[in-house]
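All remarks here apply to the structure that follows.
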Amino acid sequence: MEYKDYYKLLGLQRDATPEEIKKKYRKLARSCHPDTCKDDPDAEKRFKEINEAHEVLSDPEKRSRYDALGNNWQEGQSFRPPPGYENIFGGQPFGMRSGRGGRSFSFEFGPGADGQAGGGFSDFFESLFGDLGMDTHTQRRSAAPKGSDLTTEVTISLEDAHRGSFREIHLQGPGGDKRLNVKIPAGAYEGMKIRLSGQGNAGPGGSGDLYLKIRLAQNGQYRLEGNNIVMDIPVAPWDAALGVTKEIQTLDGTYNLKIPQGVSSGQRLRLKGRGFARKGDLFAQIKIMTPKNLNKEEERLFTELRKISTFKP
């Protein structure tokens, strides 16, 4: 198996703090999300690798096993050390030194008595702990497995994703019904996963985790383009020609938008800093609407305008 350096995938040092891991993950996940990088064929692959790295490094227990065992952090026995692993033992061959009597042990991993890889590793510790008067079978039994993780989806409005909110989750399981009040962070995006530790299936070694996968409800008024928000602004032909100030409804409340004289349909007016979770911009896209049913006076005025106007589109 090719060694995957999760720290390198996220652009982190090996001593990165949990806050640094979370911040870097969010930035990378947005930059290569398949929904915002539809023209990049490699975006989905990078997105999956980033999520895989974050899932391991954000969990203290998984991160500890990964730091010790590399790609094989889930297996524990049949692993091949990643590059530079021997440096953990001060440049000496992979082995152990006993604190009593100066005995030293060096070993390598190969087929066991049953012909399966990793047998040497298990047999070595069997003999080592046997010499020290420890029951390795008891030790293995004490490391009882945790219950499996669960994943469920929760759909939220664009407004809730923009501002952040709380959502009550109702879970039904063998242990009975459970209600959880979950905080949805501001800036939650499509496909984002929120981890609830210990809320998964129960097991001998404890419960697994519950992952809430975020889905954004469709909103006909607003469209997301990365962290930018685009909204259509209907404008009458005379207002487009003369200019006007219109009150519009944004995710942050009402705003008086000044539309300049001579604006064209499809033209975008930028409102800096008013984008999604205030990380992008808001673009008001002009949509000139032509009246379909004119009364006699309107028809007369438009006819007169056509006669005297020098405008040639």
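The values are calculated or read from the model by the stated rules, or taken from the named source; none is laboratory data. Everything quoted here is computed from the prediction, not taken from an experiment. Ideal geometry is used to build each Cβ from the backbone, glycine not excepted, and the neighbour counts take in all protein chains shown.
Answer yes if at least one residue in region 214-231 is of a type in the set (Asp, Glu) and surrounded by 18 or more Cβ atoms within 10 Å (Cβ to Cβ), and no otherwise. Explain how you work it out, then say what you get.
In the first step, residues of region 214-231 are kept if they are of a type in the set (Asp, Glu); the result is 225.
Keeping just the survivors that are surrounded by 18 or more Cβ atoms within 10 Å (Cβ to Cβ) gives none.
Scanning region 214-231, I find no residue that is of a type in the set (Asp, Glu) and surrounded by 18 or more Cβ atoms within 10 Å (Cβ to Cβ), so the answer is no.
Matching residues to (1) of a type outside the set (Lys, Arg); (2) in contact with a Pro (Cβ under 9 Å, 6 or more places away or on another chain); (3) assigned to a strand (DSSP E or B):
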| site | (1), (2), (3) |
| --- | --- |
| ALA188 | yes, no, no |
| GLY203 | yes, yes, no |
| LYS213 | no, no, yes |
| GLY220 | yes, no, no |
| PRO234 | yes, no, yes |
| ALA241 | yes, no, no |
| GLU247 | yes, no, yes |
| GLY266 | yes, no, no |
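Name the single residue, out of those in region 239-283 being among the β-branched types (Val, Ile, Thr) and in contact (Cβ under 8 Å) with a residue 24 or more places away in the chain, that is farthest from PHE311 (Cα to Cα).
Of the residues in region 239-283, the ones among the β-branched types (Val, Ile, Thr) are 244-245, 248, 250, 254, 259, 263.
Now restrict to residues that are in contact (Cβ under 8 Å) with a residue 24 or more places away in the chain: 248, 250, 259, 263.
On the way: ILE248: 30, THR250: 34, ILE259: 20, VAL263: 14 Å.
Looking at residues that are among the β-branched types (Val, Ile, Thr) and in contact (Cβ under 8 Å) with a residue 24 or more places away in the chain, I get THR250.
Would it be correct to say that LEU212 is outside the structural domain of LYS292 (by TED's automatic domain parsing), touching an Asp or Glu at 6+ places or on another chain (Cβ under 8 Å) and either modelled with pLDDT of 90 or more or of a type in the set (S, T, N, Q) (or both)?
When the stated conditions are applied, LEU212 passes them.
Which one is farthest from ASP67 (Cα to Cα), of the residues in region 1-38 that are assigned to a loop (DSSP other than H, G, I, E, B) and among the aliphatic types (A, V, I, L, M)?
We begin by selecting, within region 1-38, every residue assigned to a loop (DSSP other than H, G, I, E, B); these are 1-5, 11-17, 32-38.
Those still in the list that are among the aliphatic types (A, V, I, L, M) too: 1, 12, 16.
Details: MET1: 16, LEU12: 14, ALA16: 12 Å.
So the residue we want is MET1.
Check GLY275 against each of (1) farther than 25 Å from PRO34 by Cα; (2) in contact with a Leu (Cβ under 6 Å, 6 or more places away or on another chain); (3) not assigned by TED's automatic domain parsing to the domain that holds VAL182 and name the one condition it does not meet.
Among (1) farther than 25 Å from PRO34 by Cα; (2) in contact with a Leu (Cβ under 6 Å, 6 or more places away or on another chain); (3) not assigned by TED's automatic domain parsing to the domain that holds VAL182, GLY275 violates only (1).
Tell me which residues, restricted to region 213-238, are more than 20 Å from the chain's Cα centre (by Cα) and in contact (Cβ under 8 Å) with a residue 60 or more places away in the chain.
ASN219, TYR222
Just to be sure before I move on: is ARG195 surrounded by 15 or more Cβ atoms within 10 Å (Cβ to Cβ), part of a strand (DSSP E or B) and modelled with pLDDT of 90 or more in the structure I sent? Break it down into steps so the answer makes sense when it comes.
Values: surrounded by 15 or more Cβ atoms within 10 Å (Cβ to Cβ): yes; part of a strand (DSSP E or B): yes; modelled with pLDDT of 90 or more: yes.
When the stated conditions are applied, ARG195 passes them.
Of the numbered conditions (1) under 23 Å from GLN249 (Cα atoms); (2) modelled with pLDDT of 90 or more, LYS183 fails exactly one; give the number of that condition.
Only one criterion is unmet by LYS183, namely (1).
Scan GLY253, GLY262 and give me the residue that is in contact with a helix residue (DSSP H, G or I) (Cβ under 8 Å, 6 or more places away or on another chain) and not charged (D, E, K, R).
GLY262
Which numbered condition in (1) within 27 Å of GLU153 (Cα to Cα); (2) in contact with a strand residue (DSSP E or B) (Cβ under 6 Å, 6 or more places away or on another chain) is the only one that LEU216 fails?
Tallying (1) within 27 Å of GLU153 (Cα to Cα); (2) in contact with a strand residue (DSSP E or B) (Cβ under 6 Å, 6 or more places away or on another chain), LEU216 fails exactly one: (2).
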